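This report refers to the structure that appears directly beneath it.
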Amino acid sequence: MSSSTDTVLTAAQREDIRTRFLAVDTSNVADVLDVMGWPDQGLAAEFMPFPATAGRLAGWAYTIRGQMTPYPLGGDADKMAACQGLSPGEVSVWSGDGNGICYFGELIAIGMKERGSTGALVDGGIRDVRWLGHHGFPVYARYRTPVQSIGRWKVNAWQVPVFLRGATVERVRIEPGDFILADEDGALAIPAAIVPKVLAESEALTVTEIRIREELSNGLTLAQALERYGHV
């Protein structure tokens with residue numbers, strides 16, 4: 001299903017949406033997606049923050065795809081070209097068949113951050129974890145490894161639809177311009193066409209949860225909360 005939308009958001013609107021998403025939990029967003037008929041947008045449980053203190057990841061998807069391709073040492077010009085296309089507020093979304101190798105490390109992360117990227121989502125490995133934390137660049141990936149991609153794995157396309165490992169389905173389709181949100185509970189991909197509505201509904205659900213927590217701390221029982229608010 002395509003996630004394209006006829007509504008063109010300004011840079012200011014995109015950043016406002018991105019900032020507001022930082023204040024909602026993935027659990028609430030996932031519940032909203034269920035209600036809206038998008039039950040399979042969760043990514044696999046293996047996606048973890050690196051380092052563990054990386055914090056929340058929120059931004060518009062900029063997709064990068066690669067594959068295992070033996071080649072001489074000396075760098076991947078296509079990887080560098082792909083990263084040069086990143087814009088402020090975007091999350092680089094890395095896909096491909098890499099196994100046991102990292103897709104990037106500290107230096108490429110610095111370059112992405114310099115371009116205004118807000119982090120990365122990697123269906124594969126990364127390295128230089130300590131330094132990623134030092135630079136305040138949140139990365140969610142499936143594993144970490146010191147083994148580089150040079151000579152082993154090569155970028156072959158960017159800004160194309162990609163498929164990342166899913167939580168409830170084998171693969172989740174992510175298109176350029178979709179929205180990526182990740183926190184302590186995991187990662188989600190939100191189709192571009194429904195991002196504003198998902199955000200509004202998630203914010204409303206967040207307000208309700210805050211109210212419930214306050215009332216529970218003031219003596220409301222769980223049974224009373226469920227009777228008053230229903231399932232949340």
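The values are calculated or read from the model by the stated rules, or taken from the named source; none is laboratory data. From a predicted model like this one, the values you see are computed outputs, not experimental measurements. Don't worry about glycine lacking a Cβ; one is built from the backbone with ideal geometry, like all the others, and counts go over all protein chains shown. Heads up: the accessible areas ignore ligands, DNA and RNA and are worked out on the full protein's heavy atoms, side chains in. Shrake-Rupley method; radii C 1.70, N 1.55, O 1.52, S 1.80 Å.
Do you know which residues across region 39-57 are in a loop (DSSP other than H, G, I, E, B) and touching a residue at least 24 places away in the same chain (Cβ under 8 Å)? Let's see the steps before the verdict.
From region 39-57, those in a loop (DSSP other than H, G, I, E, B) are 39-41, 44-47, 51-56; that's our starting set.
Listed by number, the residues that qualify are 39, 40, 41, 44, 45, 46, 47, 51, 53, 54, 55, 56.
I'm trying to understand the selection: among the residues of region 78-116, which are assigned to a strand (DSSP E or B) and either under 18 Å from residue 51 (Cα atoms) or open to solvent by 10 Å² or more (accessible area, probe 1.4 Å) (or both)? Outline the logic, then answer.
In the first step, residues of region 78-116 are kept if they are assigned to a strand (DSSP E or B); the result is 90-96, 102-104.
Correct list: 90, 91, 92, 93, 94, 96, 102, 103, 104.
Given the criteria under 28 Å from residue 155 (Cβ atoms) and in a loop (DSSP other than H, G, I, E, B), does residue 70 qualify? So that I can check it myself, show each step before the final result.
Working: under 28 Å from residue 155 (Cβ atoms): yes; in a loop (DSSP other than H, G, I, E, B): yes.
Considered against the rule, which asks whether it is under 28 Å from residue 155 (Cβ atoms) and in a loop (DSSP other than H, G, I, E, B), residue 70 comes out as yes.
Within region 148-157, is even one residue surrounded by fewer than 19 Cβ atoms within 10 Å (Cβ to Cβ), farther than 18 Å from residue 100 by Cβ and either touching a residue at least 12 places away in the same chain (Cβ under 8 Å) or polar (S, T, N, Q) (or both)?
Checked against the condition, which is being surrounded by fewer than 19 Cβ atoms within 10 Å (Cβ to Cβ), farther than 18 Å from residue 100 by Cβ and either touching a residue at least 12 places away in the same chain (Cβ under 8 Å) or polar (S, T, N, Q) (or both), region 148-157 yields at least one hit.
Examine region 202-212 for a residue that is in contact with a Phe, Trp or Tyr (Cβ under 7 Å, 6 or more places away or on another chain) and over 18 Å from residue 33 (Cα atoms), and state whether such a residue exists. Walk me through how you get there before you give the answer.
Filtering region 202-212 down to residues in contact with a Phe, Trp or Tyr (Cβ under 7 Å, 6 or more places away or on another chain) leaves 208, 212.
So of that shortlist, the ones also over 18 Å from residue 33 (Cα atoms) come out as 212.
The answer is yes; a qualifying residue exists.
Could you tell me whether residue 60 is in contact (Cβ under 8 Å) with a residue 12 or more places away in the chain, hydrophobic (A, V, I, L, M, F, W, C) and buried (at least 22 other Cβ atoms within 10 Å of the Cβ)? Break it down into steps so the answer makes sense when it comes.
Values: in contact (Cβ under 8 Å) with a residue 12 or more places away in the chain: yes; hydrophobic (A, V, I, L, M, F, W, C): yes; buried (at least 22 other Cβ atoms within 10 Å of the Cβ): yes.
Taking the combined requirement at face value, the residue satisfies it.
Give the number of residues within region 158-204 that are open to solvent by 20 Å² or more (accessible area, probe 1.4 Å), farther than 20 Å from residue 88 by Cβ, in a loop (DSSP other than H, G, I, E, B) and not charged (D, E, K, R).
Going through region 158-204 one residue at a time, the tally reaches 5.
Is there a residue being free of Cβ contacts under 8 Å to residues at least 40 places away in the same chain, in contact with a Leu (Cβ under 8 Å, 6 or more places away or on another chain) and of a type in the set (Gly, Ala, Ser) anywhere in region 83-92?
Of all residues in region 83-92, those free of Cβ contacts under 8 Å to residues at least 40 places away in the same chain come to 83-84, 86-87, 90, 92.
From what is left, the residues that are in contact with a Leu (Cβ under 8 Å, 6 or more places away or on another chain) are 92.
Right, trim to of a type in the set (Gly, Ala, Ser) and you get 92.
The answer is yes; a qualifying residue exists.
Has region 136-152 got any residue that is among the hydroxyl-bearing types (Ser, Thr, Tyr), under 17 Å from the mean Cα position of the chain (by Cα) and modelled with pLDDT of 95 or more?
Yes; the residues of region 136-152 include at least one that is among the hydroxyl-bearing types (Ser, Thr, Tyr), under 17 Å from the mean Cα position of the chain (by Cα) and modelled with pLDDT of 95 or more.
Can you work out which of the residues in region 117-156 that are among the aromatic types (Phe, Trp, Tyr) and assigned to a strand (DSSP E or B) is nearest to residue 15 (Cα to Cα)? Full working, then the answer.
Here is the first cut: in region 117-156, the residues among the aromatic types (Phe, Trp, Tyr) are 131, 137, 140, 143, 153.
When the remaining residues are screened for being assigned to a strand (DSSP E or B), the result is 140, 143, 153.
On the way: 140: 21, 143: 29, 153: 33 Å.
Among them, the one singled out is 140.
Checking the conditions here, which among 63, 5, 69 is at pLDDT below 95, among the hydroxyl-bearing types (Ser, Thr, Tyr) and touching a Pro at 6+ places or on another chain (Cβ under 9 Å)? Step through it out loud before you land on a result.
Numbers: 63 fails: at pLDDT below 95; 69 fails: touching a Pro at 6+ places or on another chain (Cβ under 9 Å).
When all the criteria are applied, what remains is 5.
Residue under question is residue 128, and the condition is that it be under 20 Å from residue 185 (Cβ atoms) and open to solvent by 10 Å² or more (accessible area, probe 1.4 Å); does it hold?
For residue 128, the condition - under 20 Å from residue 185 (Cβ atoms) and open to solvent by 10 Å² or more (accessible area, probe 1.4 Å) - is not met.
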